[in-house]
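Quick note: the coordinates plus some simple rules give every number you see, no bench work behind them. For clarity, every value in this text was computed on a predicted model and none was experimentally measured. Using ideal geometry, Cβ is built from the backbone for each residue, glycine included, and neighbour counts are taken over all protein chains shown.
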Amino acid sequence: MSLSRRQFAATPLALGLGGLSPLMSAALAQDGAAPSLGGAFAAARMPFGAAVTPMQLADPKLAAHIAHHFRILVAENAMKPMHISPREGEYTFAGGDAIADFAAKHRMPLRGHTLVWHQQAARWMFKDGEADVSRAKLIARMERYIADVVGHFKGRVFAWDVVNEAIVYDEPEHAADANGFRLSPWRTIIGPEFIEIAFRAAAKADPDALLFYNDYETQNPKKAAAIVQLVKDLKARGVKIDGVGHQMHCARIQPSLADVEAAIDAVASTGVIQHVTELDFAINDRVQGTAVTAVTPELLADQAERYRSLMDLLLRKRMVSATLVWGISDAHSWLNGWPKPRVEAPLMFDRQLAPKPAYHALMDVARKYSA
Ligand code: XIL
């Protein structure tokens, strides 16, 4: 895809985000399908997409749903190190390639998620036989992995989440250093400079890709400040960082919109691009809540208003240049099983792929901002 970085930052629509007018895309809707959500957001100049899996794309009904409603994609799991590199020197690119092919066929930009994370990592990287790997060897493995993987998807992935979830605040269960850096194997074995090393390797492997730092609860004021500091430090050291991804896993009573707005403003002050990368709204009170026993109309109405007010904020501010939801329907959400099996319905399509109140609220807000 020949999309320049500048184009994406400035005019998302110029990105080949369908290139279809909303009217044309509505005309292309399958019989009986609800109008395209991604089409409505394209008219509001907000690329809108979803996390998908290769299995979904292989199912004609789900593939049609994805092609119709979404305009930008990310692999929910298929491009994570655990799946791409089960053993040293071995790569399994089939899943990622299937998603890249689908994205190219439907002219959807593809985000790459993720290169360096403490979860779903390629565990072999941290070990040398029974012992912990040395710092030098882990750096070499990380650099090699990034060169190979970013190189493989070069020209097909326009933005990479280079480092995911490296900062921790207000989570006593997760250890962090004095600067808020999570004590992951990356941080512990390499030191805090693992982030800089990862970004440098990614820039070398694909100088045209947008390079992101991605994290959850970015609206936590301490975490937002730490992310801003990280971006500034990297820039001061001449490291290429283009964007910050706000995962935006939300729930019935979190987060506060004022905190979200403050975090977006703070990140904007550094001059980087921002994406909302993993949006969902749990109907439980908290992202990890388990109290809900039934999906009620009241909960769905409340959820719709939360989607509406968040997207209204994003469209009003115009500081976030793409929004992706984490899953294609309630049947496909990770929140059904995390942190344990529970009653959830966090997306805008129900288990039969039918539009929920959240879909209608999102369509309303997209129309409000369509000029
Ligand atoms: C989740 C996937 O949705 C699950 O299928 C998988 O079992 C675990 O990872 N933050 C991230 C995503 O950055 O990669 C996670 O995705 C959800 C939280």
Per its Cα gyration tensor (rounded if a/c is under 1.5, else prolate when a/b beats b/c, else oblate), region 26-166 is best filed as prolate
Working out 0.36 nm times the residue gap between D177 and A131, then minus their Cα-Cα distance, what length gain in nm do you get to one decimal? 14.3 nm
Which ³J(HN,Hα) values, rounded to whole Hz and listed in residue order, are derived for region 260-266 from phi using the Karplus coefficients 6.51, -1.76 and 1.60 in 6.51 cos²θ - 1.76 cosθ + 1.60 with θ = phi - 60°, glycine and proline given as x? 4, 4, 5, 5, 5, 4, 5
Work from the charge dipole of the chain (Cβ charges, +1 for Lys and Arg, -1 for Asp and Glu, about the Cα centre) and give the residue of L347, V365, A203 farthest towards its positive end. A203
Taking the highest mean first, how do the peptides 43-51, 229-237, 179-187 order by number of other beta carbon atoms within 10 angstrom per residue? 43-51, 179-187, 229-237
Rounded to the nearest 5, what % of the DSSP beta bridges within the chain are antiparallel ones? 15
Extension reserve of the Q120-K240 stretch, reckoned as 0.36 nm per residue once the Cα distance is removed: 40.7 nm
I need the calculated FRET efficiency for the pair A94 and E305, taking r as the beta carbon distance and R₀ as 45 Å, to the nearest 0.05. 0.65
Put in order of increasing Cβ neighbours within 10 Å, starting from the fewest, S256, S321, S36 give S256, S321, S36
FRET efficiency for A33 and K368, Cβ-Cβ distance as r, R0 = 35 Å, nearest 0.05? 0.95
Violations at 18 Å Cα threshold for listed pairs K317/K356; K105/K154; K317/K368; K80/K223; K80/K154; K154/K204 -> K317/K356; K80/K223
Please give the length that would be gained between D208 and M82 if that part of the chain were fully extended, namely 0.36 nm times their separation in residues minus their C-alpha to C-alpha distance (nm, one decimal). 42.8 nm
Fewest-first sequence of K80, K137 by Cβ atoms within 10 Å of each Cβ: K137, K80
Computed FRET efficiency, Cβ-Cβ of D285 and D59, R0 45 Å: what is it to the nearest 0.05? 0.85
Output the peptides 328-336, 284-292, 352-360 sorted from most to least packed, where packing is the average of other Cβ atoms within 10 Å over each peptide's residues. 328-336, 352-360, 284-292
